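Reviewing the structure listed below.
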Amino acid sequence: MRRNLEGRAPRLAHRLPALLALVASTLVAACGASQQPVYDVVIAGGRVMDPESGLDAVRDVGIRGGKIAALGERPLLGKTRLDAKGLVVAPGFIDMHEHGQHPLAYSYQVRDGVTTSLELEIGVPDVDAFYAEREGKTVVNFGATVSHPGARIAAMHDPSTTLLPTGDAARRNATPAEEAEILRRIEHGLERGALGVGLGLQYTPGASREEILEVFRTAAKHPGAPVFVHLRYMGLEEPTNALTALQEMLGDAQVSGAPLHVVHIHSSGLKATPILLGMVAGAREHGLDVTTEAYPYDAGETLIESALFDDGWQTVLGITYGDLEWPKTNERLTAESFARYRKEGGEVILHFIPADAVEAAITSPLTAIASDGGLEPVGTGHPRATGTFARVLGRFVRERKALDLMTALRKMTLLPAQRLEKRDPAMRDKGRIRVGADADVTVFDPATVEDRSTYGHPLEASAGIRFVLVNGVPVVIDGKLRDGVFPGKPVRAPVERPKATE
Ligand SMILES: [Zn+2]
């Protein structure tokens with residue numbers, strides 16, 4: 001029976017609903033009076049890899065009610081059978097740093113193996129609205145922090161219409177009344193189940209150290225709520241460098257007790273990346289709850305109108321106009337075109353991260369893989385938005401052998417789940433392949449998995465990601481996205497205060 005059905009699985013995939021009944025009846029006929037349980041879905045005969053238990057063996061994965069219900073050494077029966085022979089069956093990837101939180105972005109993330117997409121760096125201004133807008137309409141699981149830049153935009157009446165401030169909220173110290181309002185908004189977001197607080201300190205140079213310490217103290221009042229930080233400064237130039245920026249954050253974490261997560265350590269660290277990684281390791285050895293992440297590219301992307309490009313950016317970033325790329329036209333910028341586009345506003349690509357900083361960050365055992373993707377709803381952006389996870393598996397693991405496969409998977413699954421599980425206990429059932437875990441599963445071909453997007457063409461789906469299941473529902477079959485299927489669920493901390501009493 002196993003042999004008979006194997007050839008049928010890929011074709012079944014395309015016509016899944018129509019053929020479900022037929023397959024189910026075939027199975028029942030084939031098994032006769034057997035009392036073997038029939039699962040909703042069986043992922044058959046793949047190499048199952050679980051970074052938590054270390055399991056690395058051929059198994060059938062039986063899924064029922066959205067959960068992993070069995071890991072069979074012998075064939076299991078399923079109403080739907082996905083043939084994973086020769087493929088790796090891994091926990092679905094958890095992306096902690098995804099600014100693209102809309103249907104087009106999700107449709108590419110899931111084909112890069114992502115089953116949970118989280119906006120934690122900058123976060124969102126309105127936590128209730130974020131979850132309400134996505135409930136029942138989203139292919140992958142979703143979640144967010146409450147935004148410190150967003151709280152500043154609102155409290156300081158900044159004219160920005162994006163997640164990053166452009167006026168007073170970027171550059172000016174808050175008055176005592178404004179600071180109280182910023183903290184009130186953050187407190188409210190945490191009470192409503194935000195996964196932590198998002199800080200983009202390089203985008204809000206006007207936020208004083210005293211204000212930021214109070215933000216940490218606000219987070220620390222909520223069980224397990226980390227502060228996710230884009231550091232205040234970059235690189236190794238004295239005196240405002242990435243070391244002093246990380247020292248400020250480690251001090252605030254220590255003083256307040258709030259856990260700390262440093263985003264994209266290599267694009268803040270630049271040449272100083274190995275030093276920053278050593279600081280994170282040392283802080284952990286001495287008992288501080290601090291984690292970090294990186295993306296596998298040597299260019300970043302941000303808004304050209306942001307405070308990052310205020311006077312002196314060439315020195316801070318160690319680059320000049322020609323290292324900036326305007327993705328709409330793929331042109332490298334000059335002083336003239338920079339000034340013109342800064343007035344217009346929009347996404348710009350910065351070629352600024354040294355290759356050895358990328359290497360150090362991606363191969364460090366400390367870092368989770370997180371994309372920092374920000375695909376625009378119109379389809380422009382950095383290729384990391386659509387190719388991060390396949391790029392690590394294809395280029396760093398297979399081609400260059402810079403990482404072993406289990407270590408790479410750990411960075412994409414278990415590390416992010418562990419970062420969040422003190423805040424949202426439901427995360428204990430993600431990032432793992434074990435009985436009882438959520439059936440978020442990514443099945444890929446280790447021989448062909450590869451990113452396809454480039455700076456000029458960021459809308460190329462990754463290759464080699466064969467099947468993706470979210471809460472037990474197949475959403476990618478034979479590399480193709482199924483339309484109109486929305487099994488994604490909110491990843492949200494327990495709500496502390498009912499909406500009605502706000
Ligand atoms: Zn950032």
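How about the range 230-294: which helices (runs of 4 or more DSSP H) wholly inside it have at least 3 residues that are more than 20 Å from LEU213 (Cα to Cα), more than 16 Å from the ligand (Cβ to nearest atom) and without any contact (Cβ under 8 Å) to a residue 12 or more places away in the chain? Ranges flagged: 273-285. With respect to HIS286, is the statement that it is touching a Phe, Trp or Tyr at 6+ places or on another chain (Cβ under 9 Å) and of a type outside the set (A, V, I, L, M) true? No; evaluated as a whole, the condition is false for this residue.
Being over 18 Å from GLY488 (Cα atoms), modelled with pLDDT of 95 or more and hydrophobic (A, V, I, L, M, F, W, C) narrows it down to one of ALA426, ALA417, ALA439, ALA402, so name that one.
Just one listed residue meets the conditions, ALA402.
Scanning the range 126-141 for residues that are touching a Phe, Trp or Tyr at 6+ places or on another chain (Cβ under 7 Å) and of a type in the set (S, T, N, Q) yields one hit, THR138. The set of residues from the range 192-220 being of a type outside the set (A, V, I, L, M) and more than 16 Å from LEU120 (Cα to Cα) comprises THR204, PRO205, GLY206, SER208, ARG209, GLU210, GLU211, GLU214, ARG217, THR218.
Within the range 30-57, the set of residues being farther than 22 Å from THR115 by Cα and within 28 Å of the chain's Cα centre (by Cα) comprises ALA57 only. Tell me, please, whether a residue that is buried (at least 23 other Cβ atoms within 10 Å of the Cβ) and touching a strand residue (DSSP E or B) at 6+ places or on another chain (Cβ under 9 Å) can be found in the range 171-182. Scanning the range 171-182 turns up no residue that is buried (at least 23 other Cβ atoms within 10 Å of the Cβ) and touching a strand residue (DSSP E or B) at 6+ places or on another chain (Cβ under 9 Å). The C-beta contact set for the range 390-417 (first residue in the same structural domain as PRO458 (by TED's automatic domain parsing), second residue of a type in the set (Val, Ile, Thr), distance under 8 angstrom, 6+ apart or interchain) is empty. Of all the residues in the range 103-127, those that are within 23 Å of ARG428 (Cα to Cα), away from the ligand (no atom under 14 Å from the Cβ) and among the acidic types (Asp, Glu) number 1. Checked against the criterion of being small (Gly, Ala, Ser), in the same structural domain as ARG172 (by TED's automatic domain parsing) and over 24 Å from the mean Cα position of the chain (by Cα), the candidates ALA207, ALA242, ALA225 yield just one match: ALA207.
Residue count for the range 476-502 under the criterion of being out of contact with any Phe, Trp or Tyr (no Cβ under 9 Å at 6 or more places or on another chain), within 20 Å of LYS137 (Cα to Cα) and β-branched (Val, Ile, Thr): the result is 1. The criterion of being more than 16 Å from the ligand (Cβ to nearest atom) and either touching a Cys at 6+ places or on another chain (Cβ under 6 Å) or not in a loop (DSSP other than H, G, I, E, B) (or both) does not hold for ARG74. Being out of contact with any strand residue (DSSP E or B) (no Cβ under 8 Å at 6 or more places or on another chain) and closer than 30 Å to ASP168 by Cα: is that true of TRP326 here? Here the answer is no, as TRP326 does not meet what is asked.
Condition check ((1) in contact (Cβ under 8 Å) with a residue 40 or more places away in the chain; (2) of a type in the set (Phe, Trp, Tyr); (3) in contact with a Ser or Thr (Cβ under 6 Å, 6 or more places away or on another chain)) across all residues:
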residue	(1), (2), (3)
ASP112	yes, no, yes
THR115	yes, no, no
GLU119	yes, no, no
GLY123	yes, no, yes
TYR131	yes, yes, no
ASN141	yes, no, yes
VAL146	yes, no, no
LEU163	yes, no, no
THR166	yes, no, yes
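Within the bounds of the range 306-325, is there any residue that is of a type in the set (Val, Ile, Thr), within 24 Å of the chain's Cα centre (by Cα) and closer than 14 Å to LEU231 by Cα? No: the range 306-325 contains no residue that is of a type in the set (Val, Ile, Thr), within 24 Å of the chain's Cα centre (by Cα) and closer than 14 Å to LEU231 by Cα. Screening GLY100, GLY54, GLY86 for residues that are within 16 Å of the ligand (Cβ to nearest atom) and not in a strand (DSSP E or B) leaves exactly one candidate, GLY100. For the range 296-346, taking the residues that are hydroxyl-bearing (Ser, Thr, Tyr) and closer than 21 Å to SER371 by Cβ, the one that is nearest to the ligand (Cβ to nearest atom) is identified as THR302.
Rundown of residues vs (1) out of contact with any Leu (no Cβ under 7 Å at 6 or more places or on another chain); (2) within 25 Å of VAL358 (Cα to Cα), yes/no style:
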| residue | (1), (2) |
| --- | --- |
| GLY198 | no, yes |
| VAL229 | no, yes |
| MET234 | no, yes |
| THR240 | yes, yes |
| GLN254 | no, no |
| SER267 | yes, yes |
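The values are calculated or read from the model by the stated rules, or taken from the named source; none is laboratory data. Just so we're clear, the structure is a prediction, and the values are computed from it rather than from any experiment. With ideal geometry, Cβ positions are generated from the backbone for all residues, glycine too; neighbour counts draw on all protein chains shown.
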